[in-house]
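Take a look at the structure set out below.
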Amino acid sequence: MNSRERFLKACRCEPVDRPPIWVMRQAGRHLPEYREFRKKHTFHEVVKAPELALEVTMQPIRRYKMDAAIIFSDILVIPEAMGQQYGFPEGGGIEMDFAVRTQADVDRLSVDGIESRLSYMSESLRLVKKELNGERALIGFSGSPWTLATYMVEGKSSKTYTHAKKMFYEDRVLFDRLMRKITQAVVRYVRLQIAAGVDAIQLFDSWGGVLAPDAFTQASAFWMKRVVDSVAGQVPVIIFSKDMSHLGDILATTGANVLGVNWNRRLSTVKNSLPSGIAVQGNLDPTVLNTNPEVVEREALRILKDMRGLPGHIFNLGHGIQPDASPENVAKLVDTVTNFK
Ligand code: 1CP
């Protein structure tokens, strides 16, 4: 069984020799070769030039025995393709060139012709797919409609999401119009990625966890379900709703094949609480990769042993790897998982 087959079997909860592994944000700032690369090219250049995106996507694949590659891009390419540019201000985080607050702002966003504005993604995915040669899985991704809406409505990174939540609570007509438009864009984007050959799609619902359960159902899960339905079983969909694994019953209604799990819950408990047939992905605390190889091995084994005999586990972190995590620790993690019997 090669890596791609192992990954796909785990998505379907079929038995495998050992759990497949990949790491959220595996391409990027923890790698010295990425930091070197970024001295020569801006972030936007890397994302939009297929040859450069190919190189950065492959960096963690060359260095580690990951079972899957995730295409190098960003969730914010969707607002950009809809007409709302993003940038990186000096102090960190994200800044959008305007904030969506009114019907006129929603009208400025366009979905028509979005495939041509995202054609660089098709090209990047085709290049990576060819390079992976059917041996490792290729994961495409999108931000969830709610997580994209937080950036679009706030106009920047936020800690409280006040404007986005206010729009949801106070002006549901406007909120739903915006969400319909974002969801249409995401559906078309996901279809484009499937046409380019991705083996699975991950929806990053990074800020789902800031919502109360009923608000989460209406503002996030409802729209993710539309995206999952549009894929209609063509490829597995992984939903990573950060800090939401205690709401597995709501998440299961989206139709997702795999649920990403944060590190604050025992993975076997989450798995056993879900309807059979839904796999889990996770859930090592990312900070473990900032410690040392002995701790990495011990903590990874804890999860592997907890999940032993439970098909439907993709090993990953509970959130993205931190920029100051050490590559030596990532290598130890991958060794521990790939040698587990
Ligand atoms: O090079 C740089 O310095 C820019 C840093 C960077 C990188 C490496 C950004 C800006 N995006 C990325 C790549 C990226 N982003 C990938 C591909 C790399 C990989 O996974 O291997 C992916 C999947 C993302 C997804 C992403 N972007 C998310 C969801 C994941 C998560 O961690 O929750 C989010 C929330 C973003 C927004 C974003 N993009 C970049 C930053 C700094 C942020 C976060 C801003 C904030 O805190 O609000």
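The values are calculated or read from the model by the stated rules, or taken from the named source; none is laboratory data. Since the model is a prediction, treat every value here as computed from it, not as a measurement. Virtual Cβ from ideal backbone geometry, glycine too; neighbours counted across all protein chains shown.
Just to be sure, is residue 25 surrounded by 15 or more Cβ atoms within 10 Å (Cβ to Cβ), under 30 Å from residue 284 (Cα atoms) and more than 10 Å from the ligand (Cβ to nearest atom)? If you could, list the steps in order and put the result at the bottom.
Details: surrounded by 15 or more Cβ atoms within 10 Å (Cβ to Cβ): yes; under 30 Å from residue 284 (Cα atoms): yes; more than 10 Å from the ligand (Cβ to nearest atom): no.
Taking the combined requirement at face value, the residue does not satisfy it.
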_I'd like to verify a number: residues in the range 302-332 that are part of a loop (DSSP other than H, G, I, E, B) and not polar (S, T, N, Q), how many?_
13
*Tell me which residues, restricted to the range 212-239, are within 15 Å of the ligand (Cβ to nearest atom) and within 13 Å of residue 250 (Cβ to Cβ).*
220, 224, 239
*asked:* Checking the structure you have, find out if any residue of the range 117-138 is within 16 Å of the ligand (Cβ to nearest atom), at pLDDT 95 or above, part of a helix (DSSP H, G or I) and hydroxyl-bearing (Ser, Thr, Tyr).
replied: yes
*Does residue 49 fit the bill of being within 11 Å of the ligand (Cβ to nearest atom) and closer than 19 Å to residue 142 by Cα?*
no
*Across the range 60-75, what is the number of residues that are more than 9 Å from the ligand (Cβ to nearest atom), over 14 Å from residue 333 (Cβ atoms) and in contact with a helix residue (DSSP H, G or I) (Cβ under 8 Å, 6 or more places away or on another chain)?*
2
*Of all residues making up the range 56-76, the number that are crowded, with 20+ Cβ neighbours inside 10 Å and charged (D, E, K, R)*: 1
*asked:* Only one of 1, 66 is in a loop (DSSP other than H, G, I, E, B) and over 19 Å from the mean Cα position of the chain (by Cα). Can you tell me which?
replied: 1
_Which listed residue is farther than 29 Å from residue 334 by Cβ and buried (at least 23 other Cβ atoms within 10 Å of the Cβ), from 19, 79_ = 79
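Could you run through the range 213-254 and say how many residues are part of a helix (DSSP H, G or I), of a type in the set (Ser, Thr, Tyr) and in contact with a strand residue (DSSP E or B) (Cβ under 7 Å, 6 or more places away or on another chain)? Give the steps one after another, and end with the answer.
From the range 213-254, those part of a helix (DSSP H, G or I) are 213-231, 245-252; that's our starting set.
Then drop every residue that is not of a type in the set (Ser, Thr, Tyr), which leaves 217, 220, 230, 245.
With in contact with a strand residue (DSSP E or B) (Cβ under 7 Å, 6 or more places away or on another chain) added as a condition, the list becomes 220, 245.
Final tally of qualifying residues: 2.
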*Contacts under 6 angstrom Cβ, first residue in the range 74-88 being more than 13 Å from residue 147 (Cα to Cα), partner within 12 Å of the ligand (Cβ to nearest atom) and among the β-branched types (Val, Ile, Thr), 6 or more apart*: 86/94
